[in-house]
Amino acid sequence: MNDLPSDLKIIRNPRARRLRLRLDRREGFPVLTLPKGVPERTGLAFVQENLDWIRDRRAERPDPIPFLPGTRIPFGDRELLIVRTPDGRGNTRLNDDCLLVGGDETHCNRRVTDWLKVRARERLKQRSLFHADRIGETVSRVRVADQSSRWGSCSGRGVLSFNWRLILAPDHVLDYVAAHEVAHLREMNHGPRFHALLATLLADPRQGDRWLSRNGPQLRRYGMVLADS
Ligand SMILES: [Zn+2]
């Protein structure tokens, strides 16, 4: 079994009813779920039988856009060009429309991702506090994460979580998601009262939503880890 995918991830799940093979939604590596009592070699034989399925599903996925020198990336309403700087020690920094990244090229994707996450958190925190202040609600914490399926979420304790890739979307889209989650601080549903509240925060709440359903999948391509098969 030496041609198994090198990035195969095996998960043991006692509650699983059967062997299951899928691709990770975000990064595309194959994931095998083993139910209780099923030996690993049985699972690996199952993967072996389904190598064509894995290859076909991977081929259907959109190409990732890693953050490499020479890549142009959206950044709010702007566009940045990733430029590698010869000085290895310099921090990642903005110079007009160039994002200067020092160090080895193999670390470029990671460094740009880290830089974008910091900017995303700053901006989302600023917009969330702004909107929360307008409706007299309190945000206890703003975090950014690598959520695979959602752009934002709101916990019962006032913690707002956002997908860091929102920093790549136009400003009005990031602002929409921040206002949307802030409105959930008071209305934990999508009922009429929630929409009425959101309408007090944004001129056209549907605009951001429409943009995300149309362009969200494109945004998720950025910074994706390249599969090695
Ligand atoms: Zn919602």
query: When the Debye formula is applied to the Cα atoms of the range 110-229, each taken as the same point scatterer, what base-10 log of I(q)/I(0) results at q = 0.22 Å⁻¹?
result: -1.30
- prompt: Top mean-square fluctuation among Ala203, Ala183, Ala120, Gaussian network model of the chain, C-alpha springs under 10 Å?
  reply: Ala203
Dipole moment magnitude, nearest 20 debye, the range 9-60 about Cα centre, only Lys, Arg, Asp, Glu C-beta charged: 360 debye
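What is the magnitude of the charge dipole of the range 52-180 about its Cα centre, with +1 placed on the Cβ of each Lys and Arg, -1 on the Cβ of each Asp and Glu, and no other charges, expressed in debye to the nearest 20? Before the final figure, lay out each step's value.
Values: 23 positive and 18 negative charges, 96 e Å.
It works out to roughly 460 debye.
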- prompt: Looking at the range 30-103, which trypsin sites (Lys or Arg not before Pro) are DSSP coil and have at most 12 other C-beta atoms within 10 Å of their C-beta?
  reply: Lys36, Arg89
statement: Label model pair Arg57, Ala16: point-to-point distance (7 angstrom along the Cα→beta-carbon line) in nm is 1.1 nm
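Taking every DSSP beta bridge with both residues inside the chain, roughly what % is antiparallel (nearest 5)?
Working: 14 of 28 bridges.
Rounded to the nearest five, the antiparallel share is 50 percent.
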message: Please compute the Kirkwood hydrodynamic radius of the range 9-60 from all pairs of different C-alpha atoms, in Å with one decimal.
response: 11.3 Å
- line: Toy charge model, Lys and Arg Cβ at +1, Asp and Glu Cβ at -1: the chain dipole around Cα centroid in debye, rounded to 20, equals 900 debye
field: In order through the range 201-206: 3J(HN,Hα) via Karplus (6.51 cos²θ - 1.76 cosθ + 1.60), integer Hz, x for Gly, Pro
entry: 9, 10, 5, 9, x, 6
Per-residue Cβ neighbour rank within 10 angstrom, fewest leading, Trp53, Trp164, Trp211: Trp53, Trp211, Trp164
message: Under 5 Å between amide hydrogens, which residues at least 5 positions from Val144 or on another chain qualify, with H placed 1.01 Å from N in the peptide plane?
response: Phe162
query: Tell me, what ³J(HN,Hα) does each residue in the range 179-186 have, in order and in whole Hz, if you take phi through Karplus 6.51 cos²θ - 1.76 cosθ + 1.60 with θ = phi - 60° and put x for Gly and Pro?
result: 5, 4, 5, 4, 4, 6, 4, 9
message: Can you give me the long-range amide H partners of Leu99? Hydrogens built in the peptide plane at 1.01 Å from N, cutoff under 5 Å, separation of 5 or more residues or another chain.
response: Leu81, Ile82, Val83
- line: Note: the chain at 25 °C, 0.890 mPa s; Kirkwood Rh on alpha carbon pairs; Stokes-Einstein D in µm²/s works out to 123 µm²/s
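Computed from the coordinates by the stated procedures, all read-outs in this text should not be read as laboratory data. Only a predicted model underlies this, so the values are computations on that prediction, with no experimental measurement involved. Every residue, glycine among them, receives a Cβ derived from its backbone with ideal geometry; neighbour counts consider all protein chains shown.
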